Amino acid sequence: MATELKFCGMRREADILAANACLPDYIGFVFAAGARRAVSPETARKLRGALDSRIRVVGVFVDQSPEEIAEIAAQVPLDCIQLHGNESEESLERVRALTGKPVWRAFQVTGNEVLARAEESRADLLLFDSGKGSGKTFAWEWLRDFSRPYMLAGGLDIENVGEAIKTFSPRGVDVSSALETDGKKDPEKMRAFAEAVCRADSETER
């Protein structure tokens with residue numbers, strides 16, 4: 001099974017056109033107020049109109065109400081919801097009920113106690129990160145015996161993504177900072193990252 005790929009933090013039409021050329025499984029729009037890569041629902045809707053229909057759209061939210069999330073999910077529209085704050089499991093289920101979409105839950109991995117909570121989460125998919133778009137890695141060794149499927153994020157780049165895939169076989173990888181030059185998505189870095197993921201898959205028995 002191929003490793004799923006998500007390009008996050010899309011903000012410009014040029015980002016979308018570059019993604020169309022690479023065909024990741026997902027792109028992500030950030031809707032958290034104050035985040036550097038945040039976009040408005042109106043901008044996301046416009047950008048989605050230029051996106052290849054084979055690419056699914058994930059909305060990233062941080063401690064926003066289920067009602068606000070559902071409104072944005074319908075407006076854009078979104079295929080998946082990613083919760084990247086301190087949302088409760090009850091809030092997660094409320095979001096799923098209101099949107100009818102899969103809900104991902106991000107965890108900032110600081111030790112085994114976080115992984116124990118992740119195991120019990122009712123999320124459709126887990127995402128493990130070192131922070132909220134920090135661009136830094138965490139101790140991946142903590143994931144060696146983790147049993148549920150997950151997306152790996154945080155500090156992935158062209159140089160280390162192959163090692164991560166070969167060693168831990170995540171369901172997918174999520175990248176943003178490593179795709180940028182001077183704070184903007186770089187089509188060449190996007191292409192090279194996608195190729196690194198494909199190369200690792202071809203060299204790995206899954």
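The values are calculated or read from the model by the stated rules, or taken from the named source; none is laboratory data. Note that the structure is predicted; figures quoted are calculated from it, not measured. No Cβ is skipped: glycine too gets one built from the backbone with ideal geometry, and neighbour counts run over all protein chains shown.
Check whether at least one residue in the stretch 15-28 is farther than 23 Å from residue 155 by Cβ and in contact with a strand residue (DSSP E or B) (Cβ under 7 Å, 6 or more places away or on another chain), and report yes or no. Among the residues of the stretch 15-28, not one is farther than 23 Å from residue 155 by Cβ and in contact with a strand residue (DSSP E or B) (Cβ under 7 Å, 6 or more places away or on another chain), which makes the answer no.
Residues of the stretch 46-60 being out of contact with any Gly (no Cβ under 7 Å at 6 or more places or on another chain) and surrounded by 14 or more Cβ atoms within 10 Å (Cβ to Cβ), which ones?
Answer for the stretch 46-60, where residues must be out of contact with any Gly (no Cβ under 7 Å at 6 or more places or on another chain) and surrounded by 14 or more Cβ atoms within 10 Å (Cβ to Cβ): 46, 47, 48, 51, 52, 55, 56, 57, 59.
Inspection of the stretch 179-186 finds a residue satisfying the criterion of being assigned to a helix (DSSP H, G or I) and in contact with an Asp or Glu (Cβ under 7 Å, 6 or more places away or on another chain).
Residue 162 falls short of the stated requirement of being of a type in the set (Gly, Ala, Ser) and in a loop (DSSP other than H, G, I, E, B).
Could you list, in sequence order, all residues of the stretch 82-100 that are buried (at least 20 other Cβ atoms within 10 Å of the Cβ) and over 19 Å from residue 177 (Cβ atoms)? The answer is 83, 87, 92, 95, 99.
Selection within the stretch 103-138: residues that are among the acidic types (Asp, Glu) and in contact with an Asp or Glu (Cβ under 9 Å, 6 or more places away or on another chain). The member of this set that is modelled with the lowest pLDDT is 129.
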